[in-house]
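Enquirer: Once you've had a glance at the structure underneath, I'll fire off some questions.
The values are calculated or read from the model by the stated rules, or taken from the named source; none is laboratory data. Note that the structure is predicted; figures quoted are calculated from it, not measured. Every residue, glycine as well, gets a Cβ built from its backbone with ideal geometry; the counts of neighbours run over all protein chains shown.
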């Protein structure tokens, strides 16, 4: 998957959306009023439309079903080591 849009909401519940397609210009200014259920519905509908229009194009599965060991090792090394992102759990910070 890929990021289609992100919603930025401030402490007054005013919002703007950074995104692909129509989302990039429909909601690109901070709103003059707090976000509503209708705004959220519109954002979700436009996000789904954008995702469908930009659907990932992949070759048919039978064409990519088998790979060589060399291809597997090459792709794995490109990915690098896995890293956690996001919040740190309390138990993780207690361990020293």
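Enquirer: How do the helices (runs of 4 or more DSSP H) wholly within region 44-96 filter down when requiring 1 or more residues that are surrounded by 10 or more Cβ atoms within 10 Å (Cβ to Cβ) and at pLDDT 80 or above: which remain? Let's see the steps before the verdict.
Expert: Values: elements: 61-64, 69-79, 90-94.
Those helices (runs of 4 or more DSSP H) span 69-79.
Enquirer: Residue 48 - would you say it is free of Cβ contacts under 8 Å to residues at least 40 places away in the same chain and farther than 27 Å from residue 21 by Cα? Steps first, please.
Expert: Values: free of Cβ contacts under 8 Å to residues at least 40 places away in the same chain: yes; farther than 27 Å from residue 21 by Cα: no.
For residue 48, the condition - free of Cβ contacts under 8 Å to residues at least 40 places away in the same chain and farther than 27 Å from residue 21 by Cα - is not met.
Enquirer: Give me the pairs: first residue in region 1-21 and at negative phi and in a loop (DSSP other than H, G, I, E, B), second residue surrounded by fewer than 16 Cβ atoms within 10 Å (Cβ to Cβ) and modelled with pLDDT of 95 or more, beta-carbon distance under 7 Å, and six or more apart or on different chains, which are they?
Expert: What qualifies is 12/34; 14/34.
Enquirer: Given the conditions (1) surrounded by 11 or more Cβ atoms within 10 Å (Cβ to Cβ); (2) modelled with pLDDT under 85, report the number of the one that residue 3 does not fulfil.
Expert: Only one criterion is unmet by residue 3, namely (1).
Enquirer: Another question, if that's okay. Can you pull out the residues in region 19-37 that are surrounded by fewer than 16 Cβ atoms within 10 Å (Cβ to Cβ) and under 12 Å from residue 47 (Cβ atoms)?
Expert: Those that are surrounded by fewer than 16 Cβ atoms within 10 Å (Cβ to Cβ) and under 12 Å from residue 47 (Cβ atoms): 24, 26.
Enquirer: Next up: Show the residue pairs meeting these rules: Cβ distance below 9 Å; 6+ apart or different chains; first residue within region 52-69 and within 24 Å of residue 2 (Cβ to Cβ); second residue outside any loop (DSSP other than H, G, I, E, B).
Expert: Taking only residues 6 or more apart or on different chains, the pairs are 58/64; 67/75.
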